[in-house]
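The values are calculated or read from the model by the stated rules, or taken from the named source; none is laboratory data. Nothing here was measured: the structure is a model prediction, and the numbers come from that model. Note that each Cβ is placed from the backbone with ideal geometry, even for glycine, and that neighbours are counted across all protein chains shown.
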Amino acid sequence: MNITLRIWRQVAAHETGLYESHNLKNVSSDLSLLEVLDQLNERLISTGERPINFDHDCREGICGSCGFLVNGQAHGPRSATSVCQLYLREFSDGDVLTLDPWRAQAFPIIQDLMVDRGAFDRLISAGGYCSTGTGQAPDGNALPVGRDQATSAFNTATCIGCGACVASCRNASASLFVAAKLAHLGQLPQGQPERAARANAMQNQMTAEGFGSCSSNLECEAVCPQEISADWISWMHRERRS
Amino acid sequence: MSGLPDPRLPSGPITDAWQRTKEELPLISPLRKSKIDVLVVGTGLAGASAAATLAQQGYRVTVLSFHDSPRRAHSVAAQGGINAARPVAVDGDSVSRLFADTLKGGDFRARESGCQRLAEISSSIIDQCVAQGVPFAREYGGSLATRSFGGALVSRTFYARGQTGQQLLYGAYQALMRQVALGRIKLLTRRDVLDLITVDGVARGVVARHLITGELEVHTARAVLLCTGGYSNVYFLSTNALKSNASAIWRAHRKGALFANPCFTQIHPTCIPSGDTFQSKLTLMSESLRNDGRVWLPKQAGDRRPADEIPEQERDYFLERMYPTYGNMTPRDVASRRARELCNAGHGVGPDGRSVYLDLTDSIREEGRGAIAARYGNLMTMYERISGDDPYRKPMRIYPAPHYTMGGLWVDYHLMSSIPGLFVLGEANYSEHGANRLGASALMQGLADGYFIAPSTVSAWLAGTPAMEISPDDPACRDALEATRMRIENLLNNGGSTPVDAFHRELGSIMIERCGISRNAGGIREGLKQVAGLRERFHNDLRVPGEPREPNAELEKALRVEDFFGLAKLMLHDALAREESCGAHFREEHQSAEGEAQRDDANFAHIAAWEHNGNGEPIRHTEPLRFTALQPSTRSYR
């Protein structure tokens, strides 16, 4: 199939960026969008141009490295999918795809489609853990955890930290990311001792990093590759009051 | 260097040997610890758990990762689970059974004392992870749930749906980030470690490239821990993440660290095959699908008809035909070999004839679509997303893919390499998995190394060696930095015309053919010639665009692939020298009339540890393996 990529090119954070169009002819519809970028990069290299920079690694949707906007949608049109799992067969011959980096104050652009998501690590550092050192653990069966409770905690713990929720939010809020971590640990007995302190610390850090507040338009939930429910954001707000 | 260092194996019976060893290890004053720098490279299960634990003990820890966040390390992709011997009264599991399964699974090419230690530690790992909030699957009553896995007759695999690696990694990552918040860990992301710094033969630091600024940095320490994973990406197409690489261990090898059994690489039979030259990776599909699927190929070579137009009598259910007892559940390595042979003979299906059918039609007809969806729903969706085919209507196409490397830097019982002060953890070392790793044992080993073994043995090393300051201006640091700078300059100024991926792709196809599912002496020798020729072309015709001091993904790849060339050669040498078939290493010359692997315990019950020899041929040392608790037996599935 033939496809046109309109890609945001920006050399560094302090430079201005622009869109650059590339027409690709006769590409296999069995390629993922990232593999199309690989192919385009080989072409750019052989003609002496600078290849397109984007984060990626596992290419099976679990590491959370990749992510950009495809025609304005975080990770593209397919639900429950990160962009490495998005294949060209989702599109039609002759389509124009506009690729933009995540755009959020807390995620400064590094180059092209690559941004700095260090703020997520600092959010976890602010309290997204249980303060149990190695060798201090009681027997794993000492505290029973109901099956439904374990399943629900697991569902929130699946967040891959890709940043799509932030990029899709008009306020660039990290509410879904923070709520998911608070809900993961807050639903388990091991997370109880620090539950209130964790909720406060992580939400304060979210503000300090320059993320906005939740605007309740639920785009975060719609684009989340792990389909984490935005109901946990309301739950988080109750956590802080309690 | 002369020969092999003392592996420092424990004396006496192997049971509780680790406990006895630990009790005799020298300790170090807590006050001194805060003045001692330790470097940890890599933040997968092994690296993150080791860094968090060493920081908890009070050391000043610096962590380097090439990712933008420690949470991205490829441990995150492990699906199935983590083994642990936690006997309950009714299932008959025990530490000794896990020990025996691990040693047998590795086809008696691992140290028994290491396997025993792993089995003894395994239960504490689960406790540790639960305490960190890892949401393991639970029974209705609230206790930890388990499932059974290949190679074991008991249910001892703990899991978190199909994302166990992710959940265990996040537990270790969060422990690491807690130490960052406490100021005990300095976390440096987007750093590629490109060389090891040694002073008087002792590891004292690394050279790293900052992947955004391109700056070369020197980081010094009293001990260096490499926790950088395996090298399946030598094969280009593998189930590993695209940036998984062997640079740190390869550079350490060039500085004197012995490399053990590099040819022990595991190929997983059920992966989604390559569809296009530009396909960048292979994705693992759980082997459990073979419980309900039938594997087949057209009887007629070159038959290009779609699957549904090939009548029943023209299909060859080759595993059922050749192995009537085990049928489609024939062990991984055997299934992989037979698939490869038939594809080579022209029976393969798919656009490039490099896959076999895994057909669930009969099971769907017998049990209904709903039952199959309940069992494998997520796998069916994943397959559909990647291949574009509906696996409920068309048979799936699968093919074996490199998945895990048992080989790695040689380490002694203390996880120290042959370079004093250099420790190697997790998949990066050669330790407990022998010639073949069992399912759900990689996560166990990574965390055993990181949480429980290295913190004790690294401490003991630090206690027993005098403090020596090293400044980044030390000649050893300056030389290593300069050598790396020159290497980068040479790659950038190479002036050729071919991008690095083209070379990597070609290297991968040589290696999968010559040193993959099965090997023979003629093929390996041919492979050595091909790799040498390709390497020469790489140095003559490589084109790396851009500058050294900017983000440069092509330069990163070129540095990695250059190291893969050296490693590929060593893998071939090792495969050639090991004149036996064991575990994942199958030499066609060493098989029975029925095609079963023939191990040679008289001549090869040893670890081969290779010494780098400049531009000359590598030198092979051997560490004999002794078995006291369990005598070697022959694996049989007939």
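Remarks
- Condition met for B:Ala568 (in contact with a strand residue (DSSP E or B) (Cβ under 7 Å, 6 or more places away or on another chain) and assigned to a helix (DSSP H, G or I)): no
- Checklist (1) modelled with pLDDT of 95 or more; (2) more than 27 Å from A:Ala222 (Cα to Cα) applied to A:Gln136, failing item: (1)
- Out of A:Val145, A:Val83, sole residue that is in contact (Cβ under 8 Å) with a residue 40 or more places away in the chain and farther than 26 Å from B:Gly275 by Cα: A:Val145
- Filter result for B:Ala553 (in contact with a strand residue (DSSP E or B) (Cβ under 7 Å, 6 or more places away or on another chain), assigned by TED's automatic domain parsing to the domain that holds B:Ser497, on the phi < 0 side of the Ramachandran plot and not aromatic (Phe, Trp, Tyr)): no
- Taken over region A:44-72, the residue count meeting the criterion of being surrounded by fewer than 18 Cβ atoms within 10 Å (Cβ to Cβ) and more than 10 Å from every other protein chain (Cβ to nearest Cβ) is 2.
- If the condition is being at pLDDT 85 or above, hydrophobic (A, V, I, L, M, F, W, C) and within 28 Å of B:Gly377 (Cα to Cα), then region B:318-363 contributes B:Phe318, B:Leu319, B:Ala335, B:Ala339, B:Val349, B:Val356, B:Leu358, B:Leu360.
- Against the list (1) touching a residue at least 60 places away in the same chain (Cβ under 8 Å); (2) over 24 Å from B:Val334 (Cα atoms), the condition B:Gly616 fails is (1).
- The single condition from (1) at the interface with chain A (Cβ under 10 Å from one of its Cβ atoms); (2) assigned to a loop (DSSP other than H, G, I, E, B) that B:Gln179 fails is (2).
- Residue match in region B:586-598 (condition: in contact with a Phe, Trp or Tyr (Cβ under 8 Å, 6 or more places away or on another chain) and modelled with pLDDT of 95 or more): no
- Conditions (1) farther than 25 Å from B:Gly105 by Cα; (2) touching a residue at least 40 places away in the same chain (Cβ under 8 Å): number failed by B:Asp316: (2)
- Within region B:441-484, no residue satisfies the criterion of being more than 27 Å from the chain's Cα centre (by Cα) and of a type in the set (Phe, Trp, Tyr).
- Matching residues in region A:117-135 - criterion: being part of a loop (DSSP other than H, G, I, E, B), without any contact (Cβ under 8 Å) to a residue 40 or more places away in the chain and within 7 Å of another protein chain (Cβ to nearest Cβ): A:Gly133, A:Thr134
- Within region B:205-219, the set of residues being among the small types (Gly, Ala, Ser), buried (at least 23 other Cβ atoms within 10 Å of the Cβ) and touching a Lys or Arg at 6+ places or on another chain (Cβ under 9 Å) comprises just one member, B:Ala208.
- Which numbered condition B:Val349 fails, given (1) in contact with a strand residue (DSSP E or B) (Cβ under 7 Å, 6 or more places away or on another chain); (2) touching a residue at least 60 places away in the same chain (Cβ under 8 Å): (2)
- B:Gln266, sole failed condition from (1) over 30 Å from B:Glu341 (Cα atoms); (2) touching a strand residue (DSSP E or B) at 6+ places or on another chain (Cβ under 7 Å): (1)
- Residue selected from region B:506-551 under the condition free of Cβ contacts under 8 Å to residues at least 24 places away in the same chain and closer than 16 Å to B:Ile267 by Cβ, by the criterion nearest to the chain's Cα centre (by Cα): B:Glu513
- Selection within region A:88-110 - surrounded by fewer than 23 Cβ atoms within 10 Å (Cβ to Cβ) and within 14 Å of another protein chain (Cβ to nearest Cβ): A:Leu88, A:Arg89, A:Glu90, A:Phe91, A:Pro108, A:Ile109, A:Ile110
- Residue within region B:268-279 that is free of Cβ contacts under 8 Å to residues at least 60 places away in the same chain, not assigned by TED's automatic domain parsing to the domain that holds B:Glu432 and not basic (Lys, Arg) present: yes
- The sole residue among B:Ser244, B:Ser155 that is in a loop (DSSP other than H, G, I, E, B), within 21 Å of B:Ala48 (Cβ to Cβ), out of contact with any Leu (no Cβ under 9 Å at 6 or more places or on another chain) and touching a residue at least 60 places away in the same chain (Cβ under 8 Å) is B:Ser244.
- Only one entry in A:Gly48, A:Gly94, A:Gly127 is in the same structural domain as A:Gln226 (by TED's automatic domain parsing) and either over 14 Å from the mean Cα position of the chain (by Cα) or at pLDDT 95 or above (or both), namely A:Gly127.
- Those helices (runs of 4 or more DSSP H) lying entirely in region B:29-107 with at least 1 residues at pLDDT 95 or above and not basic (Lys, Arg): B:45-57, B:95-105
- Residue in region A:24-32 that is within 8 Å of chain B (Cβ to nearest Cβ), closer than 30 Å to A:Ala106 by Cα and either loosely packed, with under 13 Cβ neighbours inside 10 Å or under 21 Å from the mean Cα position of the chain (by Cα) (or both) present: yes
- Output for region A:160-182, where each listed residue is at the interface with chain B (Cβ under 9 Å from one of its Cβ atoms) and not in a helix (DSSP H, G or I): A:Ile160, A:Gly161
- When B:Ser143, B:Ser148 are checked against the criterion of being more than 9 Å from chain A (Cβ to nearest Cβ), more than 30 Å from B:Pro70 (Cβ to Cβ) and not aliphatic (A, V, I, L, M), B:Ser148 stands alone in meeting it.
- Scanning region B:559-598 for residues that are among the aromatic types (Phe, Trp, Tyr) and in contact with an Asp or Glu (Cβ under 7 Å, 6 or more places away or on another chain) turns up just one, B:Phe586.
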